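Chemist: My questions all concern the structure below.
The values are calculated or read from the model by the stated rules, or taken from the named source; none is laboratory data. Nothing here was measured: the structure is a model prediction, and the numbers come from that model. Cβ: placed from backbone, ideal geometry, glycine included. Neighbour counts: every protein chain shown. Accessible surface areas use protein heavy atoms only, side chains included; no ligands, DNA or RNA. Shrake-Rupley method; radii C 1.70, N 1.55, O 1.52, S 1.80 Å.
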Amino acid sequence: MSATIERPASGAAVASPPDQGGLTPETLATLESIERRLLWLSTQIIHHANNVRPNPDKSKVGGHQASSASVATILTALYFSFLRPGDRVSIKPHASPVFHAAQYLLDHLDRSYLTTLRAFGGLQAYPSRTKDPDQVDFSTGSVGLGAVAPVFAAQAARYASTRFGEVSSDRFVALIGDAELDEGNVWEAVAEEAIQGLGNVIWIIDLNRQSLDRVIPGVRAARLKALFASAGWKVFEAKYGSRLETAMSEPGGDALRRRIDDMSNEEYQALIRLRDGTELRRRLADVRDATEAQAILLSVAGTADEDLPRVVSNLAGHDLPRLLEVLAEADAVEDAPVVVFAYTIKGFGLPLAGDPLNHSMLLTQTQMDELRVHLGVPEDDLWAAFPPDSPEGLLCAERGAAFSAPSTVIAPPLPASVIPQNLGTTHPAVTSTQEAMGRVLVRLAEAPEVGERVVTLSPDVATSTHLAGWINKVGVFAPEASADYEEGAQRMLRWLPGPEGRHIE
């Protein structure tokens, strides 16, 4: 089965639900047009690398059309609406093509690079700060690193803001594949005490419920949400899209919600791939309780058979109004890190959508030709952006210009004259590197211009790693001062966290 789970075709007249998340119909139409172009460009970037670009040695090129399609809506919402200058963004590894497509539309990537995925000197398979030609905030090739790096960058920004009053960064956003949550370092970061209270961290989980080999059981999502909540994170769901929510608000809608809520991921993946509306309606109401079945049928009675597949597959991760609404709610949290579970369909908008084995599938040339027509891409320009005077072109130019301003330099380099040429540190004939570092840090603490720019970090081993002298001179960092309940008591280690400290545990 290879039916496409459709985004509305270019120019298609599709009735919008009454609640559009604060978007005007014109703005929503423009964003949806950009979303379609991102889907096409990311799919074409991979197709060209595998099937068009010469490959004399026949080496594997690869790429992930389904994983990119999974987040095309999310990247549209981020780069063309939600993000603002100063935000630092981490992109899940397999979404590299759709990220580069967005940068191209924003005029931050030259068109010539679109044909270079995984070519020498070209676009990288995973976003890379050092190798990609466009601006990448976090390299994410190491699975799990893209989740945790923005969290600790936010911690660094909090330290700098507390100490110096201003930073060039704003929010830290990580778009994470749900399979990345299998990495142990992710959960170490989630539970880390030092990040409590970070109100400028937003994780977006691309919850497409598929791993490399299978559909993930639905119970896993509930467990993940509970783990985040127990660690002090604020948890949000972008689960059902506005069209599906509209059906669930109709008479009998509670039964429809229960049916989809209780449905296994495996059954839902099979349902959303049905193109026959009559059969989909029958299977949707295939429950033991006859009263419940009638209520389900009543909730979708006003939906035509040809529209029913689009309604049932309308998850919030592919619904711009609902997705932007949830992101706004998440952004309003000021006292804790936030995680948004965005329900998506892997491969959404492509013929391989929802296929359990679509991770490395590639569209054929025939499928690409049909997709181009469906998405309204000109036949004579497969890499087309938008005309500059079109609504899409104007929005792309506006957003691109907003993110083009150079970063403000908050702390210029120290002049050489204030940097000590010699710290005057002496060491015994036999010593360790840890002991030597401890002595050097104590002397740095006595050089205020330099010492102000030194921050140490360690787990709960400061004493055994010879950081005690440094900590006793500079203190431990915390956003708010701790009370001293043993006023004036003699201690080996002066552990009184506060804004002036320069050590972070």
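Chemist: For residue 427 and residue 484, what is the calculated FRET efficiency with R₀ set at 35 Å and r taken between the beta-carbons, to the nearest 0.05? Write down the numbers at each step before the final one.
Modeler: Details: r = 34 Å, r/R0 = 0.97.
Here the calculated transfer efficiency is 0.55.
Chemist: Dipole of the stretch 282-418 (Lys/Arg Cβ +1, Asp/Glu Cβ -1, origin at the Cα centre): which of 353, 299, 383 lies farthest to the positive side?
Modeler: So the residue we want is 353.
Chemist: Take every DSSP beta bridge whose two residues both sit in the chain, then give the antiparallel share in percent to the nearest 5.
Modeler: Values: 2 of 26 bridges.
If we restrict to bridges inside the chain, about 10 percent are antiparallel.
Chemist: Could you tell me what fraction of 2.2 N^0.38 Å the Cα radius of gyration of the stretch 388-449 comes to, as a two-decimal ratio?
Modeler: 2.33
Chemist: Now a separate question. Per residue, how much space in cubic angstrom lies within the convex hull of the C-alpha atoms of the stretch 152-257? It would help to have the intermediate numbers written out before the result.
Modeler: On the way: hull volume 15.5 nm³, N = 106.
Expressed per residue, the convex hull around the Cα atoms of the stretch 152-257 is 146 Å³.
Chemist: Quick one: which residues, 5+ away or cross-chain, put their amide H under 5 Å from the amide H of residue 201? H built at 1.01 Å from N.
Modeler: 172, 338
Chemist: Could you give me the radius of gyration and the Dmax of the chain, taking only the C-alpha atoms into account and expressing both in angstrom?
Modeler: Cα radius of gyration and Dmax of the chain are 26.2, 87 Å respectively.
Chemist: Still on this structure, I have one more. Given 5 Å bins starting at zero, what is the percent of C-alpha pairs of the stretch 28-81 in each, up to the one with the largest pair distance?
Modeler: All Cα pairs, binned at 5 Å, distribute as 4, 20, 25, 18, 13, 9, 7, 3, 1, 0 percent.
Chemist: What is the log10 of I(q)/I(0) for the stretch 428-505, computed with the Debye formula using one identical point scatterer on each Cα and no solvent, at q = 0.14, 0.16, 0.24, 0.25 Å⁻¹?
Modeler: -0.46, -0.60, -1.19, -1.25
Chemist: Within the P(r) computed for the stretch 86-132, what percentage of the Cα pairs occupies the region above 18 Å? Walk me through the numbers on the way to the answer.
Modeler: Numbers: 234 of 1081 pairs.
I get 22 percent for the Cα pairs in the stretch 86-132 exceeding 18 Å.
Chemist: Then there is this: I need the semi-axes of the equivalent ellipsoid of the stretch 374-505: take the C-alpha gyration tensor, multiply each eigenvalue by 5, square-root it, list largest first in whole angstrom. Write out the running numbers ahead of the final one.
Modeler: On the way: eigenvalues 539, 85, 55 Å².
Rounded to whole Å, the semi-axes are 52, 21, 17.
Chemist: Where a Cα-Cα gap under 24 Å defines reach, which lysines qualify for residue 346, not counting those fewer than 8 residues away within the same chain?
Modeler: 60, 92, 225, 239
Chemist: With +1 on each Lys and Arg Cβ and -1 on each Asp and Glu Cβ, and nothing else charged, work out how big the dipole of the chain is about its Cα centre, in Debye to the nearest 20. Intermediate values should be presented prior to the final figure.
Modeler: On the way: 45 positive and 65 negative charges, 225 e Å.
Using Cβ point charges on Lys, Arg, Asp and Glu, the chain gives about 1080 debye.
Chemist: Three principal axis extents, largest first, for the C-alpha atoms of the stretch 342-394, in Å?
Modeler: Principal axes ranked by extent give 41, 31, 16 Å for the Cα atoms.
Chemist: Show me the chymotrypsin sites (Phe, Trp or Tyr not before Pro) within the stretch 431-505 that DSSP assigns to loop and that have at most 13 other Cβ atoms within 10 Å of their Cβ. Could the numbers behind the result be given before it?
Modeler: Numbers: sites: 470, 477, 485, 495; in loops: 485, 495.
Loop-located and lightly packed - 485.
Chemist: Right, here's the next one. So, for the chain, what is the accessible surface per residue at a probe of 1.4 Å, expressed in square angstrom?
Modeler: For the chain, the per-residue accessible area is 46 Å².
Chemist: If you average the sequence gap of Cα pairs under 8 Å that are 6 or more apart and divide by the length of the stretch 358-505, what percent do you get for the contact order? Working shown, then result.
Modeler: On the way: 126 pairs, mean separation 24.6, N = 148.
Relative contact order for the stretch 358-505 comes out at 17 percent.
Chemist: If you don't mind, another one. For the chain, find the longest principal axis of its Cα atoms and tell me its angle to the long axis of helix 365-374, 0 to 90°, nearest 10.
Modeler: Computed tilt is about 90 degrees.
Chemist: When all C-alpha to C-alpha distances in the stretch 75-194 are sorted into bins of 10 Å, what percent of pairs does each bin hold, rounded to whole numbers?
Modeler: Final binned percentages: 13, 41, 33, 12, 1.
Chemist: Now a separate question. In cubic angstrom, how much convex hull volume per residue do the alpha carbon atoms of the stretch 262-304 span?
Modeler: 72
Chemist: Of the listed peptides 28-36, 64-72, 137-145, what is their order by residue-averaged count of other C-beta atoms within 10 Å, with the highest listed first? Let's see the in-between values first.
Modeler: Details: 28-36: 21.3, 64-72: 29.0, 137-145: 19.3.
Sorting 28-36, 64-72, 137-145 by mean packing, highest first, produces 64-72, 28-36, 137-145.
Chemist: Would you compute, from DSSP H runs of 4+ residues alone, the mean residue ellipticity of the chain at 222 nm, taking -39500 (n - 2.57) per run and dividing by the full residue count, rounded to the nearest 500? Provide the component values of the computation, followed by the final result.
Modeler: Numbers: 19 runs with 193 residues, N = 505.
About -11500 deg cm²/dmol.
Chemist: Kindly express, to the nearest 10 degrees and within the range 0 to 90, the angle between helix 433-445's C-alpha long axis and the longest C-alpha principal axis of the chain.
Modeler: Tilt relative to the chain: about 80 degrees.
Chemist: Over all directions, what mean area does the Cα convex hull of the stretch 185-322 project, stated in square nanometres?
Modeler: Values: hull surface 40.4 nm².
Averaged projected hull area, Cα only: 10.1 nm².
Chemist: Can you compute the equivalent ellipsoid semi-axes for the stretch 306-385, i.e. the square root of 5 times each eigenvalue of the Cα gyration tensor, sorted largest first and rounded to whole Å? Numbers along the way, then the final one.
Modeler: Details: eigenvalues 192, 55, 39 Å².
Values for the stretch 306-385, descending: 31, 17, 14 Å.
Chemist: Now a separate question. For the chain, what is the relative contact order in percent, using Cα pairs closer than 8 Å and at least 6 residues apart in sequence? Don't jump to the answer; show the numbers that get you there.
Modeler: Numbers: 847 pairs, mean separation 99.8, N = 505.
Averaging sequence separation for qualifying contacts and normalising by length gives 20 percent for the chain.
Chemist: Quick check: convex hull over the Cα atoms of the stretch 289-352, volume per residue in Å³, rounded to an integer?
Modeler: On the way: hull volume 10.1 nm³, N = 64.
Convex hull of Cα atoms, per residue: 158 Å³.
Chemist: If you roll a 1.4 Å probe over the chain with all protein chains in place, what percent of the accessible area is carbon or sulfur?
Modeler: On the way: 12230 of 23080 Å².
Exposed carbon and sulfur together represent 53 percent of the surface.
Chemist: Counting each pair of different Cα atoms once, what's the Kirkwood radius of the stretch 217-286 in Å, rounded to one decimal? Present the calculation step by step, with values, prior to reporting the outcome.
Modeler: On the way: mean 1/r = 0.0717 Å⁻¹.
14.0 Å is the Kirkwood radius here.
Chemist: Let me ask you something else. Can you list, bin by bin at 10 Å, the percent of alpha carbon pairs in the stretch 449-494, starting at 0?
Modeler: Bins of 10 Å from zero give 21, 53, 26, 1 percent of pairs.
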